[in-house]
Amino acid sequence: MSNEATPLARWTVPAVAVVVLAISGGVLAVLRQSVDGLVFAAADKKATALLDMVKVAASLAVGGGGLFALYLAARGQRTQELKLALRPLAVTEEIRRWVHELL
């Protein structure tokens, strides 16, 4: 594991958003086909099934976005920890430089 934090590429966030939306759209399409293939006793049952289908796809999109947000938060935390770990070294070097200047 490296001690350097590398920045994310500019395309990472839009790419993840597209992937999450594509997966949600795919699930929505598959669920729609399966609901259309069912025979319902009443029309309100089909409407309920369609609404549940949209709820599942939306939950999947929100969950995927939340998972990526957790990843970004963990990455930010790691970057901050690395900066704090390097800070005592910089202070030590600065103190050495001051001592050299005094002597």
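Things worth noting here:
- Inter-label distance, nm, simple model (7 Å from Cα along the C-beta direction), Trp11/Leu84: 3.5
- The label-point distance for Glu94 and Ala74, in a model that sets each label 7 Å from Cα toward Cβ, rounds to 3.3 nm.
- The Rg/Rh ratio of the chain, with both radii computed over alpha carbons and Rh defined as the Kirkwood radius, is 1.41.
- Modelled label positions at Val18 and Leu51, each set 7 Å beyond Cα in the direction of Cβ, lie 3.5 nm from each other.
- Percent RCO, i.e. relative contact order, over the range 12-75, from Cα pairs under 8 Å lying at least 6 residues apart: 47
- Taking the longest Cα principal axis of the chain as reference, the axis of helix 43-102 is set at about 0 degrees.
- Taking 26 Å as the straight-line reach from the Cα of Lys55, the lysines in range (excluding those fewer than 8 positions away in the same chain) are Lys45, Lys46.
- Charged-residue dipole, Cβ positions (Lys, Arg, Asp, Glu), the range 40-103 about Cα centre, Debye nearest 20: 140
FYI, it's all coordinate maths here, none of it is from the lab. In this text the structure is predicted, and so the values were computed from the model without any measurement. Quick reminder, even Gly has a Cβ in these numbers, built from the backbone with ideal geometry, and neighbours come from all protein chains shown.
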